[in-house]
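The values are calculated or read from the model by the stated rules, or taken from the named source; none is laboratory data. Keep in mind it's a predicted model, so treat the numbers as computed, not measured. Please note: Cβ atoms are built from the backbone with ideal geometry, for glycine as well, and neighbour counts cover all protein chains shown.
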Amino acid sequence: MKYISMIPPLAVGDIIRGRADGARPAIDAGTLPFRYGRDALRVGLDLFGIGTGDEVLVPAVICEVVLDAFSQRGARLGYYGLSDSLAVEVEEIEARIGPETKAIYVNHALGRPMQIKPLRALCNRRGVVLIEDCAHALGGATDDCSVGVLADFSIYSYRKFFALPDGGGLHVQQSARRHTRLPKRAGLPRQVAGAGKLFALGLASSIGLPSAAWRERSKRLALSEVGGAGDLPSAEVQCRMSAISEWLLSRADMNEMVSRRRQNFAYCLDKVRSLASVEPLFKELSSGQVPYSFPVLVDDRDSIVRRAAAEAILLEPTFAPVDRRRKGLINPEERFDSLDAIAGKLLSVPVHQGLSPADLDRVFDVLRHGVNDRSGG
Ligand SMILES: Cc1ncc(COP(=O)(O)O)c(C=O)c1O
């Protein structure tokens, strides 16, 4: 049984072939290579002097390691609401900017690119630093603008889009880049262990592994996702991207990644129509969207995650409900009920470039059985 996760398997043929001459690079010349997106974020915060006592507006639903980076530096966080498709709304942010606001953090959630120009204009008007999270949106663009280029700084997480043991990026304007020194890489044993894991994942995803052992492992992984412990810890030490990831990334094929993900997303949009109890978060594929996943909303999400795990499929819950217990929150009592409801129902169906329609059929079979069981069908 082949393992299906959010990350594409290492495709040896693609690596040998490398990137065609003149093809678009995955990491552009203005972006510095870090181990993870969170390392890039911490370095960006230091570069812009964002730390103790500074007020920062962040989405009420966002990955925990992002909040950790701010908390570790002693910033005060104010949550803002998002639309029902987790999009940023300029008026919502504008209404919350006060004299103490130093920065706003915006996220292209699940790869849906948002319009950055109005936010850029707002930040210019109010003298606020704009930080753009492109961890889910590599290669994305709106009509006239690529993600990540207009912010004061932007972060990327390449490891979510390509088969890499690690890989994050920090994009800053040239003047600020000169003041940024890249940290050291993690030690060699760590880098080798990361490459080993990636290789094992590649084998499991392309030829499959003895199913009993593998089912057990994928179940554990998925259950840790349901329990909210699936991600890497927020270590405090910043590292540069590993040598193997930098090399793999330099050979990665952006065009293929973009077009295969878009095709898979369109296939999922078509398939989901036959499942009345599975609601797609995005009703269509926008022109510059490079999907991180095909997000859906389902009742009893966690039991579907467990069912999928038993079939060696990792369906990622993606976001936790609003974290009201974090220290230094400006509005811990404010209710964001619709966001809590979305976070509790959200599932990310993988659409990466290593998946075929037959793989997606397997995922949809699990979804169908999961929702049918629930409705007694
Ligand atoms: C929205 C978002 N931003 C940033 C990050 C951090 O990226 P990384 O895992 O590479 O540190 C993540 C995930 O972990 C994320 O989901």
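Of all residues in segment 164-195, those being within 16 Å of the ligand (Cβ to nearest atom), under 23 Å from P113 (Cβ atoms) and among the aliphatic types (A, V, I, L, M) number 2. Among the residues in segment 27-50, are any assigned to a strand (DSSP E or B), β-branched (V, I, T) and over 22 Å from H352 (Cα atoms)? There is at least one residue in segment 27-50 that is assigned to a strand (DSSP E or B), β-branched (V, I, T) and over 22 Å from H352 (Cα atoms).
Quick check: is even one residue across segment 154-161 among the aliphatic types (A, V, I, L, M), in contact (Cβ under 8 Å) with a residue 24 or more places away in the chain and assigned to a strand (DSSP E or B)? Scanning segment 154-161 turns up at least one residue that is among the aliphatic types (A, V, I, L, M), in contact (Cβ under 8 Å) with a residue 24 or more places away in the chain and assigned to a strand (DSSP E or B). For segment 218-226, indicate whether the set of residues that are at pLDDT 95 or above, touching a strand residue (DSSP E or B) at 6+ places or on another chain (Cβ under 7 Å) and acidic (D, E) is non-empty. Among the residues of segment 218-226, not one is at pLDDT 95 or above, touching a strand residue (DSSP E or B) at 6+ places or on another chain (Cβ under 7 Å) and acidic (D, E), which makes the answer no. Return yes when D152 is more than 16 Å from the ligand (Cβ to nearest atom), modelled with pLDDT under 95, acidic (D, E) and at negative phi and no when it is not. No. Restricting to segment 91-142, give me the number of residues that are in a loop (DSSP other than H, G, I, E, B) and free of Cβ contacts under 8 Å to residues at least 24 places away in the same chain. Residues in segment 91-142 being in a loop (DSSP other than H, G, I, E, B) and free of Cβ contacts under 8 Å to residues at least 24 places away in the same chain: 3 in total. Within segment 51-90, the set of residues being part of a loop (DSSP other than H, G, I, E, B) and not hydrophobic (A, V, I, L, M, F, W, C) comprises G51, T52, G53, D54, R73, G74, G81, S83, D84, S85, E89.
Filtering segment 123-148 to residues that are farther than 28 Å from N255 by Cα and surrounded by fewer than 18 Cβ atoms within 10 Å (Cβ to Cβ) leaves N124, R125, R126, G127.
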